[in-house]
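Reviewing the structure listed below.
Each value in this text was obtained by applying a stated rule to the coordinates, not by laboratory testing. Keep in mind that this is a model prediction, so the values were computed, not measured. Counting neighbours? That spans all protein chains shown, and the Cβs are built from the backbone with ideal geometry, glycine included.
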Amino acid sequence: MLKRSLLIAAFTLSACGGTDTSAPASADTPADGFLTQLQKDYPVTLSKIADDVWVHTTNYNLPGQPPIPVNGLVVVDGEDVILVDGAWGELATLSLLEKIKTETGKPVSKMIVTHHHMDRTAGVDVAEWQGIQIFSHPDTAGLAAKSGFPVPNTSVAALKEKGARTKVGDLEVAFPGHGHAPDNLVVYVPSAGVLYGGCAVRGAGTKTLGNTDDADLTKWADSLNWMKATYPKAQIVVPGHGKGANLSLIDATLGLISAETAASDEAP
């Protein structure tokens with residue numbers, strides 16, 4: 001869990017830095033130093049892909065393995081800044097929130113969590129601590145709790161059934177059905193033609209389906225075909241990991257599912 005005492009101390013210092021009005025302000029207060037070091041230790045890349053739309057990418061490090069890139073989306077929607085998925089880790093998510101605030105000039109106010117796996121839920125405690133409104137599938141909290149992952153405190157009942165769609169600001173959030181996970185949501189930004197497929201869509205050039213522990217290959221294919229039919233005007237498709245492209249990512253993921261299914265059928 002988040003080392004709250006350290007974070008609270010840092011932000012308290014930031015908020016109360018002018019307590020001793022007789023002393024000149026420090027060029028590098030303890031809070032500033034903390035945030036500077038945080039962003040060095042947990043670097044964030046924000047890549048602008050359309051007006052008011054960025055892909056955020058951070059890396060998760062496992063011992064003895066190459067860094068795992070983790071994507072999400074940032075959308076400025078009027079007065080709101082909407083974050084789609086945080087970083088994989090609490091401190092990494094805090095670094096991400098600070099980076100977004102610096103880039104957009106406004107703090108994140110809403111966050112959509114696209115499924116219960118740790119690479120999507122690891123930052124929800126930080127987000128809720130900062131007063132960010134959370135949106136998730138109604139099954140996400142229970143699935144996260146069962147897996148021992150951080151649990152979002154709120155969800156959207158209207159997203160329960162396959163094919164359900166709702167709005168968060170001007171963004172459309174949809175539940176295409178079971179795919180990579182039983183609760184995976186997708187997000188469409190109509191003003192930019194951006195479809196965030198999350199982990200339901202594999203990145204460009206990816207050769208495997210990745211973690212399939214919670215996947216249902218037949219339902220996953222159905223969900224992807226639903227996405228293609230529902231968002232035919234999508235110009236940019238953003239995966240949960242790896243490089244984005246266009247709707248060809250959905251076709252490529254369908255191909256991987258077909259290959260995996262065929263291999264399973266041939267296995268003795």
Given the conditions (1) under 14 Å from V238 (Cβ atoms); (2) surrounded by 24 or more Cβ atoms within 10 Å (Cβ to Cβ); (3) of a type in the set (G, A, S), every one holds for A204 apart from (2)
Q | W220 free of Cβ contacts under 8 Å to residues at least 60 places away in the same chain and out of contact with any His (no Cβ under 6 Å at 6 or more places or on another chain) | A | yes
Going through segment 228-262 in order, the residues found to be among the small types (G, A, S) and loosely packed, with under 14 Cβ neighbours inside 10 Å are A229, S248, G255, S258, A259, A262
Restricting attention to segment 166-193, the residues that are in contact (Cβ under 8 Å) with a residue 40 or more places away in the chain, surrounded by fewer than 19 Cβ atoms within 10 Å (Cβ to Cβ) and charged (D, E, K, R) number exactly 1
Picked from segment 63-77 (must be of a type outside the set (S, T, N, Q) and not in a strand (DSSP E or B)), the residue surrounded by the most Cβ atoms within 10 Å (Cβ to Cβ) is P67
Selection from segment 128-137 of residues within 16 Å of V187 (Cβ to Cβ) and outside any loop (DSSP other than H, G, I, E, B) yields Q133, I134, F135
Within segment 224-240, the residues that are of a type outside the set (G, A, S) and in contact with a helix residue (DSSP H, G or I) (Cβ under 8 Å, 6 or more places away or on another chain) are L224, N225, M227, K228, V237, P239
Of the candidates D119, D125, the one satisfying the condition of being surrounded by fewer than 22 Cβ atoms within 10 Å (Cβ to Cβ) and among the charged types (D, E, K, R) is D125
In segment 73-107, residues that are within 11 Å of the chain's Cα centre (by Cα) and on the phi > 0 side of the Ramachandran plot total 1
Of the residues in segment 92-142, those that are among the charged types (D, E, K, R) and under 14 Å from V75 (Cα atoms) come to K99, K101, E103, K106, K110
Residue hits (segment 246-267; among the hydrophobic types (A, V, I, L, M, F, W, C) and farther than 17 Å from T208 by Cα) are L247, A267
Counting only residues in segment 194-250 that are more than 20 Å from the chain's Cα centre (by Cα) and of a type in the set (S, T, N, Q), the one farthest from V75 (Cα to Cα) is identified as T218
Within segment 211-227, the residues that are surrounded by fewer than 17 Cβ atoms within 10 Å (Cβ to Cβ) and not in a helix (DSSP H, G or I) are N211, T212, D213, D216
Flagged in segment 181-190 as over 11 Å from S136 (Cα atoms) and in contact with a strand residue (DSSP E or B) (Cβ under 8 Å, 6 or more places away or on another chain), in numbering order, are V187, Y188, V189, P190
In segment 228-268, anything free of Cβ contacts under 8 Å to residues at least 40 places away in the same chain, in a loop (DSSP other than H, G, I, E, B) and charged (D, E, K, R) is listed as none
